[in-house]
Amino acid sequence: MTTTPLKAPLGADTAASTATVRDDIVRLGASLFERTLTFGRTGNLSVRVSDRIIVTPTGVSLGALDADKLSVIDLEGQHLDGAKPSKEAFLHAAVYRARPGAGAVVHLHSTHAVAVSCLAGLDDDDVMPPLTAYYVMRVGKLPLLPYHAPGDESLESLAEATAADHRCFLLANHGSVVAGADLAAAADAAEELEETARLFLMLRDHHTRPLDKEQVADLNRRYPA
């Protein structure tokens with residue numbers, strides 16, 4: 001994809017904000033990598049700044065990001081500046097288009113979430129039961145999207161349609177995509193999803209007591225998305 005100039009020069013305030021965002025992305029990437037929530041050169045992070053998206057580049061470990069070498073794309077996924085974006089940057093753009101209030105997206109290949117995405121017999125509309133209050137509050141319903149090869153842009157329209165009604169979704173045999181109001185919120189939800197996936201796998205041979213519909217509805221009233 002051809003790199004095009006930025007639409008307008010950055011003002012001082014925007015430039016300062018962008019520098020902070022870049023540092024936040026680098027710090028989060030290192031934290032996720034150190035805690036093995038991502039590994040190798042998998043996963044990608046992004047933050048929306050106005051009509052631009054700062055996203056991690058392709059072929060770089062989240063544990064070795066450089067704030068000056070991140071990529072910038074627009075809401076259509078076009079490369080505007082910086083390094084070549086992740087081949088899954090189109091997923092980030094799709095989520096932002098569907099969720100105008102989203103300020104960040106975290107996509108991980110965390111072990112337990114990926115394990116759940118490989119299971120047969122799941123409810124594709126809502127993969128895991130509401131085992132904990134914080135899962136309901138941070139993740140909500142978790143749909144499973146059918147398998148597509150990494151970087152397959154034919155997934156884009158389905159991801160956008162799904163994100164319109166869900167802040168998180170799971171990609172079959174792949175990993176999680178999570179949106180949040182900001183980078184911290186998106187990371188919290190991605191980690192909550194991973195820990196709930198771990199609980200779900202631990203409890204598969206046990207009789208469980210998920211939250212009931214009334215309890216879920218009460219949480220949704222108390223803590224609307």
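Readers should treat all values here as calculations from the given coordinates under stated rules, not as data from a laboratory. Quick caveat: nothing in here was measured; it's all calculated off a predicted structure. For neighbour counting, all protein chains shown are included, and Cβ atoms are generated from backbone atoms with ideal geometry for every residue, glycine included.
Quick notes
- Taking every C-alpha pair closer than 8 Å and separated by at least 6 residues, the mean separation divided by the residue count of the chain gives a relative contact order of 19 percent.
- Take every pair of alpha-carbon atoms less than 8 Å apart whose residues are at least six positions apart; their mean separation over the length of the stretch 106-225 yields a relative contact order of 38 percent.
- A straight line joining the Cα centroids of the stretch 164-225 and the stretch 17-83 runs 23 Å.
- When only the Cβ of Lys, Arg, Asp and Glu is charged (+1, +1, -1, -1), the dipole of the chain relative to its Cα centre reaches about 220 debye.
- Computed from the alpha carbon atoms alone, the convex hull of the chain holds 115 Å³ per residue.
- The distance between label points at ASP165 and LEU122 comes to 1.8 nm (points 7 Å beyond Cα on the Cα→Cβ vector).
- Model label sites at THR208 and LEU75, defined 7 Å from Cα along the beta-carbon direction, differ in position by 3.7 nm.
- Reciprocal of mean inverse Cα separation for the stretch 86-213 (Kirkwood radius, Å): 14.5
- Antiparallel beta bridges, as assigned by DSSP with both residues in the chain, represent about 95 percent of the total such bridges.
- Helix-only arithmetic for the chain: the sum of -39500 (n - 2.57) across DSSP H runs with n ≥ 4, divided by the residue total, places the mean residue ellipticity at 222 nm at -11500 deg cm²/dmol.
- For the chain, excluding the exposed loop sites themselves (trypsin sites (Lys or Arg not before Pro), DSSP loop, at most 11 other Cβ atoms within 10 Å), the longest remaining stretch covers 36-203.
- Listed by chain and number, the aspartates and glutamates placed with their C-alpha closer than 15 angstrom to that of LYS213 are ASP126; residues fewer than eight positions away on the same chain are left out.
- Here each label is just a point 7 Å from Cα along the line to Cβ, and for GLU153 and ALA115 those points are 3.6 nm apart.
- Positive dipole terminus of the stretch 12-222, leading residue within ALA217, SER46, LEU193 (C-beta point charges): LEU193
- Efficiency of FRET between ARG35 and LEU201 - r from beta-carbon atoms, R0 22 angstrom, step 0.05: 0.75
- Proximity of backbone amide H atoms, modeled 1.01 Å from N, is registered between LEU145 and LEU170, LEU171, ALA172 at under 5 Å, excluding neighbours fewer than 5 places apart on the same chain.
- Within the listed set GLY180, GLY43, GLY121, the residue fluctuating most in the Gaussian network model of the chain (springs between alpha-carbon atoms under 10 angstrom) is GLY121.
- The 3J(HN,Hα) values that the Karplus relation (6.51, -1.76, 1.60; θ = phi - 60°) gives for the stretch 122-127 are, in residue order, 7, 7, 5, 7, 7, 5 Hz. Gly and Pro appear as x.
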